[in-house]
Amino acid sequence: MNHLFQTWRHVFKLDPDRELSDEQLEAVCLSGSDAILVGGSSGVTYENTVDLMSRIRRYELPCAQEVSTLDSVVPGFDLYLIPMILNTNQAEWITGHHRSGLESYGEIIPWDMVATEGYIVLNPSSTVAKLTGADCELDARAAAACARIADKLMRLPIVYVEYSGTYGDLDLVREVRRVTEEATVFYGGGVRDYLTAKDAAKVADVVVVGNIVYDDLTAALETVQGVHEATS
Ligand code: 1GP
């Protein structure tokens, strides 16, 4: 397995379905962030993913694809992250889509470039929660149990606490981090400035910053410093 993500602290998640100018993309890629994740919950196609990847490839930082649909998988990324939703009863989001993909492509997948993310989806208003039928009413104990399913039962390399669109309960994230012994804990959701980034970085291994890139780029760039100053 590719362990690239174990060295990350801050990543920007860019959505192929949203617009960024060349100047804005340059600022993101030269910000000091550790990597770019390419992915989104809707509107992701092969074409818009190739386009964004090739623009990011002008820069040196690692670039990973978070795979949301089979037909948007693009060769040429450094790493492929495969989400598996832990808090849904809809089996298609746990192993269903995965099985279909492996029936078609199982023989040709470069497994050393693949890592699975055990997702705990916690914002009921988010697109990902609606799409996957996630049960977002989890307290810290329930979230910690999900983390142990990922870390201990399934031995997934990543636990992803996903509050996409809203700033999460950091006590819950801290509890997830406490019980997770092997996996790398990603936190994403509502990080919008220096301070929210710094606080998130104190309770998670990797802080994922998404929406604010499109809403307020200057504030988004300050999240890099926030995360790095939490480390030191
Ligand atoms: C989304 O976790 C990421 O998948 C980041 O969330 O867009 O709220 O920053 P935001």
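The values are calculated or read from the model by the stated rules, or taken from the named source; none is laboratory data. Note that this is a predicted model, so its numbers are computed, not measured. Cβ sites come from the backbone with ideal geometry, for glycine too, and all protein chains shown count toward neighbours.
Structural remarks
- Considering (1) more than 21 Å from Val11 (Cβ to Cβ); (2) within 16 Å of the ligand (Cβ to nearest atom), the lone condition that Val203 does not fulfil carries the number (1).
- Filter pass, Leu131 being of a type outside the set (D, E, K, R) and out of contact with any helix residue (DSSP H, G or I) (no Cβ under 7 Å at 6 or more places or on another chain): yes
- Asp171 passes every criterion in (1) in contact with a Lys or Arg (Cβ under 9 Å, 6 or more places away or on another chain); (2) surrounded by fewer than 21 Cβ atoms within 10 Å (Cβ to Cβ) apart from (1).
- Condition check for Val208: near the ligand (Cβ under 9 Å from one of its atoms), more than 15 Å from Arg174 (Cα to Cα) and modelled with pLDDT of 95 or more: yes
- Residue match in the range 215-230 (condition: outside any helix (DSSP H, G or I), touching a strand residue (DSSP E or B) at 6+ places or on another chain (Cβ under 9 Å) and touching a residue at least 40 places away in the same chain (Cβ under 8 Å)): no
- Residue in the range 181-195 that is away from the ligand (no atom under 13 Å from the Cβ), within 18 Å of the chain's Cα centre (by Cα) and not polar (S, T, N, Q) present: yes
- Any hit, the range 39-58, residues being in contact with a Phe, Trp or Tyr (Cβ under 7 Å, 6 or more places away or on another chain), in contact (Cβ under 8 Å) with a residue 12 or more places away in the chain and within 15 Å of the ligand (Cβ to nearest atom): no
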